[in-house]
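For reference, the structure is listed below as structure tokens.
The values are calculated or read from the model by the stated rules, or taken from the named source; none is laboratory data. What you see is a predicted model; the values in this text were computed from it and never measured. Here the Cβ positions follow ideal geometry from the backbone for every residue, glycine too, while neighbour counts run over all protein chains shown. Keep in mind that these areas ignore ligands, DNA and RNA; they rest on the heavy atoms of the full protein, side chains included. Shrake-Rupley method; radii C 1.70, N 1.55, O 1.52, S 1.80 Å.
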Amino acid sequence: MSLEVSSYQQGSDHQVASSRRSASSRRAWGRALRTIIMLTLALIWFIPAFGLFITSLRPQSDIATSGWWRIFAVPRFTFENYSIVLGSHNFSTNFLNSFIITIPSTILPIALGALAAYALACMNFRGRNFVFFSVIAILVLPLQTTWVPVLRMQSRFHMTGSWISIWLAHTAYGLPFAIFLLRTFFAELPKELLEAARIDGHSEFSIFCKIVIPLSVPAIASLGIFQFVWVWNDLMNALVLLQNPKKFPLTVALQGLLGQYGSEWNLLASGAFVSMSIPLVVFFLLQRYFVRGLTAGAVKG
Amino acid sequence: MKVKRDSIQGWLFLAPALILLVAYLVYPCLSTLKMSFYGGQGFSPKRFVGFANYARLLGGGDSLFLNLKWPPSGALINNILWILFFAGGTVVIGLAIAVLADGLRLEKIFKSLIFLPMIISATAASVIFRFLYSPDPHIGLLNAFISSISPGKKPIPWLGSTDIVNIALIGAGIWIWTGLSMTVLSAAYKSLDREILEAAKVDGASSWTCFWRISLPMLEDQIVFVAITMIINSLKLVDLVLVMTGGGPMGSSRTIGFSFYWEVFNNNLVGYGSAIAMILLILLIPFMVFQVRRIKAQESYQ
């Protein structure tokens, strides 16, 4: 390949100059065309969400009588929809529930996953490869194959409807991805560092806590943000496994609102944006980490 | 001696994770396999029926799962549509964006906008699309747009017609998931060897030729990876279907993952639903093997 490249670079200066000139004008046109196509696509992607957002800020009477795209003709805005949804529809309770569910369900799989990933990446024992590749296979396992027996187990251990039931489920379901991501990261840490610490007489647990974890903060941040958003957005596990309406998170509440008041768009729109608020904030503050966590193993779920 | 101590310590580090994985994933999966051979209503089906659930599902006995009469329909066929148009759509559009947006001044903003749906819940995305698809002329932008270009035309019931509903759902799916495909393929495209592309351009190859002859073949691995991720997603899919259509109208938008949910939690047919979950698992096994092989290859490469 390098031979071909060098042969391209030869040829008379004259030829190269003229071909460059036409190429650069062609490139400018191409750039303009690409910008137009991308602007169109970006608009197509933006408009559906933007329309709902505008609707969430319009008075109910306006929503029923004119489309949101007429907002420029009838510019009237209100926060009333948000106060109704957060107040009389208990979305503030659901909001709190989402946090109560999500925070432990983010910390636990990272902690347990990091321990397991350390064993798989940094310790040498028989069976570790088998465990690792089983974890990769489990990443693809559909949760549909687990829900009914998990429900039965929850009732046998009297956990039905408790916070701990949903925390443990999210932890278990989050573990394969956590182990996969962290093991990949731990495996790239310099081996000499760990060996030196071992020779100095440090225990495995202290190497894990004092060396491996501090060096892995970026990976843990990516994983944490990804797991947080994934649990926050989860509908199915909460709907199936958390058999207690008082503890439902925002996603389940929003789904209920859609079933009950399928055409009260003022409530649906503001409810949807309440549920989106936290992921949106996380995204805008920590976009880089989130994208990294997501692309590291796009197979979760 | 050291190896033995290492071994005990290793398993101790693994223990908490392994206990949860076995309790919540491995054992339940085996238990569901066993239940798939039982029939009847209720949460602990007692009547052993052998392969009857599978025979009914795959033999055309349940037209909402697999209708073998022409034209074929049902959840299994819908999933083929999802694989073709959803996996195909996200890969093609994601790749197009990765290539077209590359190097533009507004690249970051374009890509952030298209990525945004990835971070909201499927429930919220469903609200957005039920709003967009609404037949009410004051609510649904699509129908308002259509009636503004051809006045007098009846609004299209995007989610209410058995012919269009799957494509409408797939459209929402593409809106959600293209961001992922774009991100993976854009990173891969940016890491391509620029010298080769520049050299081909100096030699007079058009951008079009460069893309088809050079970039595309070099992106093959990542394209396959993204396509398989999307196929896995579409097979497991429940929430989008549940919130947008509840599988309707008349069961016409069911997917395999949704059918499981409906039979178990709506119709209380746990054994029958378990057989659907097992069919889903069997369909996913080739992708499981693919993922394990892919990771194994990466490991030996390092």
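Looking only at the stretch A:140-198, residues that are more than 7 Å from chain B (Cβ to nearest Cβ), assigned to a helix (DSSP H, G or I) and among the β-branched types (Val, Ile, Thr) come to 3 in all. Checking each residue in the stretch B:125-168 for being assigned to a helix (DSSP H, G or I) and of a type outside the set (A, V, I, L, M, F, W, C) picks out B:Ser126, B:Arg130, B:Tyr133, B:Asn143, B:Ser147, B:Ser148, B:Asn166. Among the residues of the stretch B:51-84, those identified as among the aromatic types (Phe, Trp, Tyr) and under 23 Å from B:Val270 (Cβ atoms) are B:Phe51, B:Tyr54, B:Phe65. Restricting attention to the stretch B:52-62, does a residue exist that is at pLDDT below 95, assigned to a helix (DSSP H, G or I), more than 27 Å from the chain's Cα centre (by Cα) and not charged (D, E, K, R)? Within the stretch B:52-62, one or more residues are at pLDDT below 95, assigned to a helix (DSSP H, G or I), more than 27 Å from the chain's Cα centre (by Cα) and not charged (D, E, K, R). Do we find that B:Phe225 is in contact (Cβ under 8 Å) with a residue 60 or more places away in the chain and either more than 11 Å from chain A (Cβ to nearest Cβ) or aromatic (Phe, Trp, Tyr) (or both) in this structure? It is true that B:Phe225 is in contact (Cβ under 8 Å) with a residue 60 or more places away in the chain and either more than 11 Å from chain A (Cβ to nearest Cβ) or aromatic (Phe, Trp, Tyr) (or both).
In the set (1) free of Cβ contacts under 8 Å to residues at least 12 places away in the same chain; (2) open to solvent by 30 Å² or more (accessible area, probe 1.4 Å); (3) within 25 Å of the chain's Cα centre (by Cα), the condition left unmet by A:Met276 is number (2). Only one entry of B:Leu30, B:Leu25, B:Leu18, B:Leu12 meets the criterion of being more than 30 Å from the chain's Cα centre (by Cα) and without any contact (Cβ under 8 Å) to a residue 12 or more places away in the chain, and that entry is B:Leu12. B:Val264 meets the conditions (1) crowded, with 23+ Cβ neighbours inside 10 Å; (2) touching a residue at least 24 places away in the same chain (Cβ under 8 Å); (3) within 30 Å of B:Pro45 (Cβ to Cβ) in every case but one. The failed one is (2). For the stretch B:144-178, a tally of residues being open to solvent by 70 Å² or more (accessible area, probe 1.4 Å) and modelled with pLDDT of 90 or more returns 1.
Just name the residue that is nearest to the other protein chains (Cβ to nearest Cβ) out of those in the stretch B:77-92 that are under 30 Å from B:Phe211 (Cα atoms) and open to solvent by 20 Å² or more (accessible area, probe 1.4 Å). Out of the qualifying residues, it is B:Val92. Go through the stretch B:236-269 and give me each residue that's out of contact with any Leu (no Cβ under 6 Å at 6 or more places or on another chain) and facing another protein chain (nearest Cβ under 8 Å). Answer for the stretch B:236-269, where residues must be out of contact with any Leu (no Cβ under 6 Å at 6 or more places or on another chain) and facing another protein chain (nearest Cβ under 8 Å): B:Lys236, B:Val238, B:Leu242, B:Val243, B:Phe260, B:Tyr261, B:Val264, B:Phe265. No other residue among B:Gly204, B:Gly248 is of a type in the set (Gly, Ala, Ser) and under 30 Å from A:Trp230 (Cβ atoms) apart from B:Gly248. Tell me, please, whether a residue that is open to solvent by less than 60 Å² (accessible area, probe 1.4 Å) and in a loop (DSSP other than H, G, I, E, B) can be found in the stretch A:233-240. So far as the stretch A:233-240 goes, yes, one or more of its residues are open to solvent by less than 60 Å² (accessible area, probe 1.4 Å) and in a loop (DSSP other than H, G, I, E, B).
You will find that of B:Ile139, B:Ile119, the residue that is open to solvent by less than 50 Å² (accessible area, probe 1.4 Å), under 19 Å from the mean Cα position of the chain (by Cα) and at the interface with chain A (Cβ under 8 Å from one of its Cβ atoms) is B:Ile119 and no other.
Applying the condition of being among the aromatic types (Phe, Trp, Tyr) and closer than 30 Å to A:Leu175 by Cα to the stretch B:20-76 and asking which residue is farthest from the other protein chains (Cβ to nearest Cβ) yields B:Phe37. What number of residues within the stretch A:48-88 are free of Cβ contacts under 8 Å to residues at least 40 places away in the same chain and either facing chain B (nearest Cβ under 7 Å) or aromatic (Phe, Trp, Tyr) (or both)? So the count comes out to 13. The single condition among (1) part of a helix (DSSP H, G or I); (2) of a type in the set (S, T, N, Q); (3) more than 8 Å from chain B (Cβ to nearest Cβ) that A:Gln255 does not meet is (3).
Of all the residues in the stretch B:196-210, those that are more than 8 Å from chain A (Cβ to nearest Cβ) and assigned to a loop (DSSP other than H, G, I, E, B) number 2. Test of understanding: among B:Glu263, B:Glu220, B:Glu198, which residue is under 26 Å from B:Ala172 (Cβ atoms) and of a type in the set (Asp, Glu)? On inspection, the qualifying residue turns out to be B:Glu263. Can you name the residue in the stretch A:25-45 that is of a type in the set (A, V, I, L, M, F, W, C), under 18 Å from B:Trp208 (Cα atoms) and at the interface with another protein chain (Cβ under 7 Å from one of its Cβ atoms) and, of all such residues, is most open to solvent (accessible area, probe 1.4 Å)? Per the stated criteria, the residue is A:Ile37. Taking the residues in the stretch B:179-227 that are open to solvent by 20 Å² or more (accessible area, probe 1.4 Å) and touching a Phe, Trp or Tyr at 6+ places or on another chain (Cβ under 6 Å) as candidates, determine which candidate is nearest to B:Leu113 (Cα to Cα). Filtering the stretch B:179-227 for residues that are open to solvent by 20 Å² or more (accessible area, probe 1.4 Å) and touching a Phe, Trp or Tyr at 6+ places or on another chain (Cβ under 6 Å), the one nearest to B:Leu113 (Cα to Cα) comes out as B:Val202. For B:Leu95, the criteria (1) aliphatic (A, V, I, L, M); (2) surrounded by fewer than 20 Cβ atoms within 10 Å (Cβ to Cβ); (3) within 14 Å of another protein chain (Cβ to nearest Cβ) hold in every case but one, which is (2).
Applying the condition of being in a helix (DSSP H, G or I), out of contact with any helix residue (DSSP H, G or I) (no Cβ under 6 Å at 6 or more places or on another chain) and open to solvent by 20 Å² or more (accessible area, probe 1.4 Å) to the stretch A:111-134 and asking which residue is farthest from the other protein chains (Cβ to nearest Cβ) yields A:Phe130.
For the stretch B:239-253, the condition holds for at least one residue, the condition being that it is of a type outside the set (Lys, Arg), in contact with a strand residue (DSSP E or B) (Cβ under 9 Å, 6 or more places away or on another chain) and farther than 24 Å from B:Gly39 by Cα. Condition check for B:Phe260 on (1) farther than 17 Å from B:Ser31 by Cα; (2) modelled with pLDDT of 95 or more: one failure, at (1).
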